[in-house]
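This report refers to the structure that appears directly beneath it.
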């Protein structure tokens, strides 16, 4: 019988022992017996390993342990993301290798998602290294969306970031940069522009290093896209805020709207901007774009009063004729400084 309960201070030696187990891909050792031999010396590593109560509970989050036959066999934490009141992050999820595939991880995730709803979070993030294939498979099986992959010169692996929406019928997607003309054709098939020119031009700009063109995939079908410009296209914004990446062309297929795809795309674009070293990312919103407004407000973007860039908007009428208009936008930014591990 698996019991998931809130962390208690007496659990700390068992959590230190759990953290000390070899546990990355082929290094995991399912032969280590339960119960674990408790550690009285904290492990080396991140603060949430050494003092989870301070770093997780102290940040206003929750910490749960999974117990089997009276012994701690798993742990998982949830904490708010600084400056983003509707976004939570799952941290330090760990299950003893000897008891995996018995529902321990799923029980922890149910408890964590329940706590997230109690806090009023609408979206969750977590990250895991791609050298942990079992963990990747676990989150995919739970239908989390893969939003971006982060490299770092001091690591020998990539960090894979996952997103999940809590307030809708969540659709798990994989968001990744467009990789070539076959994916350009898939984007045109799913989100037609009257020809391949628009999608192709975005991919070519990515090839030139001017932008990143991200596609959201539901299995083998494109269901959305977003373009991250390397710098703002609006002179007045650049003059006021400075040089920073900027999000454009958020589009989600009608059949999958209100299922978290747009949120995953916006989050992925912000993640790519942050990985490239940006401290800020911007977004211009049309007055009638209520769906995008909901996303940026939920993810903690800040409205910039006084910035009203004018964007060129292309729309097709019922006859298929294209019309171009100049429309005033509101402007929003997301502070990325120090947020990768916040």
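Within the bounds of the range 315-326, is there any residue that is modelled with pLDDT under 95, under 27 Å from residue 176 (Cα atoms) and assigned to a strand (DSSP E or B)? Steps first, please.
Initial filter on the range 315-326 (modelled with pLDDT under 95): 315-326.
Those still in the list that are under 27 Å from residue 176 (Cα atoms) too: 315.
From what's left, assigned to a strand (DSSP E or B): 315.
So far as the range 315-326 goes, yes, one or more of its residues are modelled with pLDDT under 95, under 27 Å from residue 176 (Cα atoms) and assigned to a strand (DSSP E or B).
Please verify whether the range 44-53 includes one or more residues that are closer than 23 Å to residue 138 by Cβ and at pLDDT 85 or above. Steps first, answer last, please.
Of all residues in the range 44-53, those closer than 23 Å to residue 138 by Cβ come to 45-46, 48-49, 52.
In the following step, the residues that additionally are at pLDDT 85 or above were identified as 52.
Looking for residues that are closer than 23 Å to residue 138 by Cβ and at pLDDT 85 or above, one finds at least one in the range 44-53, hence yes.
Would you be able to tell me the number of residues in the range 140-195 that are assigned to a loop (DSSP other than H, G, I, E, B) and over 14 Å from the mean Cα position of the chain (by Cα)? Give the steps one after another, and end with the answer.
Taking the range 140-195 first, the residues assigned to a loop (DSSP other than H, G, I, E, B) are 142-144, 151-158, 166-173, 178-180, 191-195.
Add one more test, that the residue is over 14 Å from the mean Cα position of the chain (by Cα), and what stays is 142, 151-158, 167-169, 178-180, 191-195.
The qualifying residues number 20.
Report yes if residue 249 is modelled with pLDDT under 95 and either within 17 Å of residue 177 (Cβ to Cβ) or not in a loop (DSSP other than H, G, I, E, B) (or both), otherwise no.
Values: modelled with pLDDT under 95: yes; either within 17 Å of residue 177 (Cβ to Cβ) or not in a loop (DSSP other than H, G, I, E, B) (or both): yes.
So residue 249 passes the test.
Given the conditions (1) touching a helix residue (DSSP H, G or I) at 6+ places or on another chain (Cβ under 9 Å); (2) closer than 25 Å to residue 274 by Cα; (3) in a loop (DSSP other than H, G, I, E, B), and given that residue 215 satisfies all but one, which numbered condition is not satisfied?
Failing condition for residue 215: (3).
Residue 126 passes all but one of (1) surrounded by 20 or more Cβ atoms within 10 Å (Cβ to Cβ); (2) closer than 19 Å to residue 8 by Cβ; which number fails?
Failed condition: (2).
What is the one condition in (1) assigned by TED's automatic domain parsing to the domain that holds residue 270; (2) in a helix (DSSP H, G or I); (3) out of contact with any helix residue (DSSP H, G or I) (no Cβ under 7 Å at 6 or more places or on another chain) that residue 108 does not satisfy?
(1)
Determine if the range 105-121 includes at least one residue that is over 27 Å from residue 16 (Cβ atoms) and free of Cβ contacts under 8 Å to residues at least 24 places away in the same chain.
yes
Do we have any residue at all in the range 5-20 that's farther than 30 Å from residue 335 by Cα, modelled with pLDDT of 85 or more, touching a strand residue (DSSP E or B) at 6+ places or on another chain (Cβ under 9 Å) and part of a strand (DSSP E or B)?
There is at least one residue in the range 5-20 that is farther than 30 Å from residue 335 by Cα, modelled with pLDDT of 85 or more, touching a strand residue (DSSP E or B) at 6+ places or on another chain (Cβ under 9 Å) and part of a strand (DSSP E or B).
Out of (1) buried (at least 19 other Cβ atoms within 10 Å of the Cβ); (2) within 17 Å of the chain's Cα centre (by Cα), what's the single condition that is false for residue 232?
It fails just one condition, (2).
The values are calculated or read from the model by the stated rules, or taken from the named source; none is laboratory data. These figures come from a predicted structure and were not determined experimentally. All Cβ positions, glycine included, derive from the backbone under ideal geometry; neighbour counts span all protein chains shown.
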